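Accompanying notes for the structure given below.
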Amino acid sequence: MKLILLGPPGAGKGTQAKRLEENYGVIQISTGDMLREEVEAKSKIGGQAKELMDAGDLVPDEMIIDLIASCIDKHECQKGFILDGFPRTTPQAVALDKMFDEKGLELDLVIEIKVDDEAMVERISGRYTCSKCGAGYHDSFQKPETEGVCDNCGGTDFSRRSDDNAETVRSRLLAYHEQTEPIISYYKKKGFLKSIDGMTAIDDVTKQLKELIG
Ligand code: AP5
């Protein structure tokens, strides 16, 4: 399975990609996570990306295309993957097509998670993750069973992303509408696009996704 999840910040791409990863045995490829790892490692790429990410702007296409190209070649991606956060511009979508052609890969589906902008600010402001295993939670919508303890690994340290504040979220939403939305019609014309309602509960969104994937 080779799948692209599309949707604005907070739509639930990461949450759902992790669930599909467990259910279908494929790999989640999150460009946001890859960039945050580069920032954490204080690499050259991380240094260039940090300021842009904190401002809610996209990083340059070439930077992200190179990261994806090396990732898709890895052994663990051979069983299939879910692209979460890529492509995000028309040049990235065109580069991905070229990459698939060169590697003899075929895209199965592009799923757009449709949501309302206003609700995304609340979703993102309440998001946090376990510092030990990366499991995702939310102050209101996805609390751990025991407060302060990760359901997945028992960790008690949690962190919030530096770009998860109301002001940056608005810039990220703007970047989505201006630069990412055009690729919805790009994939529609190619016959790959399906849409689901992302404003329902997390379990229901998973159900809709599974119905589409089969
Ligand atoms: P990235 O990390 O990709 O962030 P994003 O696209 O802004 O997406 P998010 O991770 O914020 O949202 P999500 O849809 O995954 O939502 P989640 O499942 O966590 O990118 C960060 C930055 O990196 C960009 O701004 C850019 O600078 C750079 N970048 C990355 N890729 C790039 C690229 N290709 N090109 C250029 N630059 C790039 O859910 C959010 C919260 O809501 C969670 O707490 C969750 O529990 C909750 N939630 C989820 N679903 C539901 C639901 N149905 N109901 C209620 N709550 C829900």
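For the reader, a short list of remarks on this structure follows.
- Gained length - residue 74 relative to residue 24, 0.36 nm times residue gap less alpha-carbon distance: 16.2 nm
- If you take all other residues with their beta carbon under 15 Å from the beta carbon of residue 49, and give Lys and Arg +1 and Asp and Glu -1, the sum is -4.
- Isotropic mean projected area of the C-alpha convex hull, the range 1-63 (nm²): 5.0
- Taking Lys and Arg as +1 and Asp and Glu as -1, the other residues whose beta-carbon sits under 10 Å from that of residue 164 total +4.
- Using 0.36 nm per residue and subtracting the Cα-Cα separation, the extra length available between residue 160 and residue 210 on full extension is 15.1 nm.
- Lys, Arg +1 and Asp, Glu -1 on Cβ, resulting dipole of the range 54-158 about Cα centre, debye, nearest 20: 300
- For the pair the range 136-189 / the range 3-66, the C-alpha centres are spaced 11 Å from each other.
- From phi via Karplus (6.51, -1.76, 1.60), per-residue ³J(HN,Hα) for the range 16-31 in Hz, x at Gly/Pro: 6, 4, 5, 5, 5, 4, 5, 6, 10, x, 10, 9, 7, 10, 9, 5
- Computed from phi, the 3J(HN,Hα) profile of the range 178-192 under the Karplus parametrisation 6.51, -1.76, 1.60 (θ = phi - 60°) reads 7, 10, 9, 3, x, 7, 5, 6, 4, 7, 4, 4, 7, x, 9 Hz, with x in place of Gly and Pro.
- Whole-Hz ³J(HN,Hα) from phi, Karplus 6.51 cos²θ - 1.76 cosθ + 1.60, for the range 54-62, glycine and proline x: 5, 8, x, 9, 7, 7, x, 3, 4
- Largest to smallest in accessible area, the residues 147, 106 fall in the order 147, 106 (1.4 Å probe, all protein chains included).
- Normalised convex hull volume, the range 59-182, alpha-carbon set, Å³ per residue: 146
- Ellipticity estimate at 222 nm from DSSP helix runs (n ≥ 4, -39,500 (n - 2.57)) divided over the chain, nearest 500: -14000 deg cm²/dmol
- Inter-label distance, nm, simple model (7 Å from Cα along the C-beta direction), residue 171/residue 44: 2.5
- Counting only Cβ charges, +1 for Lys and Arg and -1 for Asp and Glu, the dipole size of the range 98-214 around its Cα centre is about 380 debye.
- Remark: relative contact order (the chain) = 29 percent; criterion is Cα-Cα distance under 8 angstrom and separation of 6 or more residues.
- Inter-label distance for residue 194 and residue 108, nm, one decimal - labels placed 7 Å from Cα along Cα-to-Cβ: 1.0
- Solvent-accessible surface ranking, highest first, for 151, 61, 203 at 1.4 angstrom: 203, 151, 61
- Across 79/188; 74/132; 2/189; 114/207; 74/189; 42/74, pairs whose alpha-carbon gap is larger than 20 Å: 79/188; 74/132; 74/189; 42/74
- Placing a pseudo-label 7 Å from each Cα along the Cα-to-Cβ vector at residue 63 and residue 146 gives an inter-label distance of 4.1 nm.
- Range of Cα positions in the range 127-214 per principal axis (Å), largest first: 47, 36, 20
- Solvent-accessible ranking of 177, 75, largest area first, probe 1.4 Å: 75, 177
- The value obtained for the chain, namely the Cα convex hull volume divided by the number of residues, is 122 Å³ per residue.
- Residue (of 126, 155, 138) at the positive-pole extreme of the range 91-158, dipole from beta-carbon charges: 155
The values are calculated or read from the model by the stated rules, or taken from the named source; none is laboratory data. Since the model is a prediction, treat every value here as computed from it, not as a measurement. Positions of Cβ are backbone-derived with ideal geometry, glycine not excepted, and every protein chain shown enters the neighbour counts. The accessibility values were calculated without ligands, DNA or RNA, using every heavy atom of the protein model including side chains. Shrake-Rupley method; radii C 1.70, N 1.55, O 1.52, S 1.80 Å.
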